[in-house]
Amino acid sequence: MLDFRPPKDSPLLIKTVKVVMPWMLKVKAGGTEILPAPGALERYKKVARQRGIMCPNHSNRVDPAVMFTFSMMVHEDFNYVAARETFDWDYGINGWFLQHMGAYSVVRGAADRESFKMTRKIIAEGKKKLVLFPEGEISRQNDTLMPLESGAAQLSFWAVDELHRLIGGDVANLPPIYLTPVALKYTFKGDVRPAIDRTLSALELRLNIKNTNSNEAFYARLQKIAGALLDTLEAEYTLKSTVGASMNERVQSLRRHILQSVSSQLHVTLPENIKEIEAVRTLRNTMDDFVYIDEGPMSEYQKKIHDEKSAIVKSLYKDLDRVVNFIVIYQGYVQEQNTQERFSDVLERMESEIIGGDPSVKGGRRIYVDIGESIDVCARYAQYKKEKRLVLNEVTDDVARQISQMLVKMDSVRTPVLI
């Protein structure tokens, strides 16, 4: 079982990172700028230094660094929740860094009691706000939002219980606990079409696609790459696509087929109407439970057999990553709004799948941070006690609605470059 990794906030490390962050953004991130959207700082002042959870969308791996930079803007340090597996990256060095920056672990999609307990404690004590990404996964789509999990709302109401235990008195007189919607919008500072052309060429080379027309439109080239990618994956998973099936239908069929294949190998029966992202979490947790089981009581031979089986199970992580990588891709995403940002969203998914590793840097970015109207869950607590599921859904939907609206609104602060 994956062990819990608590926060070990190091004021010295946090201060050091604050000093070097401007250099990292300039040199390591291609001159990336992080800017508050109009009115964002004013809205944040309403909840400054008060208890609560910051709930940003999660489209990019550097989102935590963006939130850290925002914390510098508002002169307020945050704690962070991060997926447990990230603490093992780079032979545990990443985990050491995360913990000392104020992050702690959660096993996604599981009843991680130690993590939940820490969350209630941090919110109730109110020393720092908590940053929690309610999508649960990196969506890699800058303009859209995956369905939010109700975990942030649930944890905030549990924190009300904890705060009441600490303070006592009438619940109606408790200080507020806020859920604050946050929208992160990634835009390119300049024209990155030359970088997009180079990436398309690299993918065509990997897939043996001969581009004989140097003036062929980027979108037509992307469609050929997507078609070749699907052909390869369908052959790999022995999946025969339906004649005349659209790209959307093929991608959806592939995702379902992979989930069925993994669940069969793990001997896990998934509920018939389970959401794909929930299925991924269920299967991943099953795999974690097996791979990270305590081997202490085992004999040497039992450990040998377990290690052999673990190697097979570990190979399935890539299958689940593949499902997540394509879980919100759909044909038409680029055509709906043919910006270089949207094109890069899809292209980087292809790049991650075909080439592997982190996608190439297309150019410097301006990342806008907007703040929504915070929701005081203490004010909803009485109704929550009567109608828990209804209130959790309403609060979660409110957060999702505000983030989606802010993402659309932030398009007005720039002139997009169209592909």
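A few points about this structure:
One line per residue, one yes/no per condition, for (1) crowded, with 19+ Cβ neighbours inside 10 Å; (2) of a type outside the set (Phe, Trp, Tyr); (3) more than 18 Å from residue 221 (Cβ to Cβ); (4) assigned by TED's automatic domain parsing to the domain that holds residue 152:
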position	(1), (2), (3), (4)
337	no, yes, yes, no
380	yes, yes, yes, yes
385	no, yes, yes, yes
391	yes, yes, yes, yes
398	no, yes, yes, yes
409	no, yes, yes, yes
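- Total residues in the stretch 242-301 satisfying the condition of being more than 22 Å from residue 2 (Cβ to Cβ), surrounded by 15 or more Cβ atoms within 10 Å (Cβ to Cβ) and in contact with a Lys or Arg (Cβ under 9 Å, 6 or more places away or on another chain): the figure is 4.
- Against the test of being within 13 Å of residue 320 (Cα to Cα) and free of Cβ contacts under 8 Å to residues at least 12 places away in the same chain, the options 252, 260 yield a single qualifying residue, 260.
- For the stretch 101-127, the candidate set comprises residues that are assigned to a loop (DSSP other than H, G, I, E, B) and in contact (Cβ under 8 Å) with a residue 60 or more places away in the chain; within that set, the residue that is farthest from residue 401 (Cα to Cα) is 101.
- Every condition in (1) surrounded by 13 or more Cβ atoms within 10 Å (Cβ to Cβ); (2) over 25 Å from the mean Cα position of the chain (by Cα) holds for residue 189 except the one numbered (2).
- Residue 153 vs. criteria among the small types (Gly, Ala, Ser) and either within 30 Å of residue 186 (Cα to Cα) or modelled with pLDDT of 95 or more (or both): yes
- Check on residue 51, buried (at least 20 other Cβ atoms within 10 Å of the Cβ), of a type in the set (D, E, K, R) and either within 20 Å of the chain's Cα centre (by Cα) or at pLDDT 95 or above (or both): yes
- Residue selected from the stretch 329-349 under the condition of a type in the set (Ser, Thr, Tyr) and in a helix (DSSP H, G or I), by the criterion modelled with the highest pLDDT: 344
- Residue count for the stretch 166-190, restricted to those that are out of contact with any strand residue (DSSP E or B) (no Cβ under 9 Å at 6 or more places or on another chain) and touching a residue at least 24 places away in the same chain (Cβ under 8 Å): 6
- Residue 146 being buried (at least 16 other Cβ atoms within 10 Å of the Cβ) and in contact with a Ser or Thr (Cβ under 8 Å, 6 or more places away or on another chain): yes
- Single unsatisfied condition, residue 22 versus (1) part of a helix (DSSP H, G or I); (2) within 30 Å of residue 293 (Cα to Cα): (2)
A quick yes/no check of all residues on (1) hydroxyl-bearing (Ser, Thr, Tyr); (2) not in a helix (DSSP H, G or I):
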site	(1), (2)
12	no, no
16	yes, no
31	no, yes
38	no, yes
42	no, no
49	no, yes
71	yes, no
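- Condition met for residue 373 (assigned to a loop (DSSP other than H, G, I, E, B), within 28 Å of residue 55 (Cβ to Cβ), in the same structural domain as residue 73 (by TED's automatic domain parsing) and modelled with pLDDT of 95 or more): yes
- In the condition set (1) assigned to a loop (DSSP other than H, G, I, E, B); (2) more than 30 Å from residue 123 (Cα to Cα); (3) touching a Leu at 6+ places or on another chain (Cβ under 9 Å), residue 265 is compliant with all but (1).
- Among (1) under 18 Å from the mean Cα position of the chain (by Cα); (2) aromatic (Phe, Trp, Tyr); (3) surrounded by fewer than 19 Cβ atoms within 10 Å (Cβ to Cβ), the one test that residue 333 misses: (1)
- Considering (1) touching a helix residue (DSSP H, G or I) at 6+ places or on another chain (Cβ under 8 Å); (2) surrounded by fewer than 19 Cβ atoms within 10 Å (Cβ to Cβ), the lone condition that residue 364 does not fulfil carries the number (1).
- Only residues that are of a type in the set (A, V, I, L, M, F, W, C) and either surrounded by 20 or more Cβ atoms within 10 Å (Cβ to Cβ) or touching a Leu at 6+ places or on another chain (Cβ under 8 Å) (or both) were counted across the stretch 302-323, and they come to 4.
- Members of the stretch 267-316 found to be among the β-branched types (Val, Ile, Thr), without any contact (Cβ under 8 Å) to a residue 40 or more places away in the chain and either closer than 19 Å to residue 106 by Cβ or assigned by TED's automatic domain parsing to the domain that holds residue 109 (or both), listed by number: 286, 291
The values are calculated or read from the model by the stated rules, or taken from the named source; none is laboratory data. What you see is a predicted model, and the numbers here were worked out from it, not measured in a lab. For neighbour counting, all protein chains shown are included, and Cβ atoms are generated from backbone atoms with ideal geometry for every residue, glycine included.
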